[in-house]
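Colleague: Please see the structure below; I have some questions.
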Amino acid sequence: MRHESPANPMLPTHLTPVARVTSQRNDAGDAHVAFQVTCGCAGDQFIIRYAGRAGNQFIDAERVGEYVEFAIAADCTRCRETHLLFDCRRHGWGPVLFPAEIERPDSVLRSIWKCRNCGATEHQIEIVVGWSPFEEVAEELTDRPDFSKSIWIEAFETIQIHLRCVGCEQESKRWVEFEVV
């Protein structure tokens, strides 16, 4: 099932199948897209698996050996399909514009997020992905003749993930707030 989105949505390709866009802006000072995560089966409740360091109300990147681990996947509670929402080794500014010379292993999603209020594992997810304006970035990357609007969309600079617990409706705003550069 393909979700209806505004004309010309600014969505990284790995998020397009799960994005129900709620707002989008692309002007001189701000470029972002916000969306609800919705599975192709129309399910909107997920069990969230992650690799990273857990705080009381958030998760963040964690160094594991020579790599940094920080990844989030959502398992649909309706059909059990897994959607990789973010992996700092594969998505955003650094991995897209400056891929590593050596293949980096994917992050291992070992942990399941539980609501800190009621312990439930099912959540609804909203994501906001942001960029510096295209023209600004294009000026900085004049040495990259391959740089285009489609690469700019894939090379997002920030990601925020907000959760709402299905069990008690507690919201965790900025559960993830990560600068990908």
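Colleague: Being surrounded by fewer than 22 Cβ atoms within 10 Å (Cβ to Cβ) and in contact with a helix residue (DSSP H, G or I) (Cβ under 7 Å, 6 or more places away or on another chain) is the requirement here; does T38 meet it?
Modeller: yes
Colleague: Does A138 satisfy the condition of being among the small types (G, A, S) and more than 28 Å from Q45 (Cα to Cα)?
Modeller: Spelling it out, A138 is indeed among the small types (G, A, S) and more than 28 Å from Q45 (Cα to Cα).
Colleague: Same structure again: Would you point out the residue of the stretch 155-181, among those that are farther than 23 Å from N117 by Cα and β-branched (V, I, T), that is surrounded by the fewest Cβ atoms within 10 Å (Cβ to Cβ)?
Modeller: This residue is V181.
Conditions tested, residue by residue: (1) touching a His at 6+ places or on another chain (Cβ under 6 Å); (2) among the aromatic types (F, W, Y); (3) within 22 Å of R116 (Cα to Cα); (4) outside any strand (DSSP E or B).
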| position | (1), (2), (3), (4) |
| --- | --- |
| R20 | yes, no, no, no |
| R49 | no, no, yes, no |
| N56 | no, no, yes, yes |
| R63 | no, no, no, no |
| D75 | no, no, yes, no |
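This table checks each residue for (1) exposed (fewer than 14 other Cβ atoms within 10 Å of the Cβ); (2) at positive phi; (3) within 16 Å of the chain's Cα centre (by Cα).
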| site | (1), (2), (3) |
| --- | --- |
| G55 | yes, no, no |
| S107 | no, no, yes |
| E122 | no, no, no |
| I127 | no, no, yes |
| W131 | no, no, yes |
| A138 | no, no, no |
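Colleague: Quick one: count up the residues across the stretch 39-67 that are at pLDDT below 90 and either of a type in the set (D, E, K, R) or touching a strand residue (DSSP E or B) at 6+ places or on another chain (Cβ under 7 Å) (or both).
Modeller: Of the residues in the stretch 39-67, 12 are at pLDDT below 90 and either of a type in the set (D, E, K, R) or touching a strand residue (DSSP E or B) at 6+ places or on another chain (Cβ under 7 Å) (or both).
The values are calculated or read from the model by the stated rules, or taken from the named source; none is laboratory data. Here the structure is a predicted model, which is why all the values come from computation and not from measurement. As a convention, Cβ positions derive from the backbone with ideal geometry for all residues, glycine included, and neighbour counts pool all protein chains shown.
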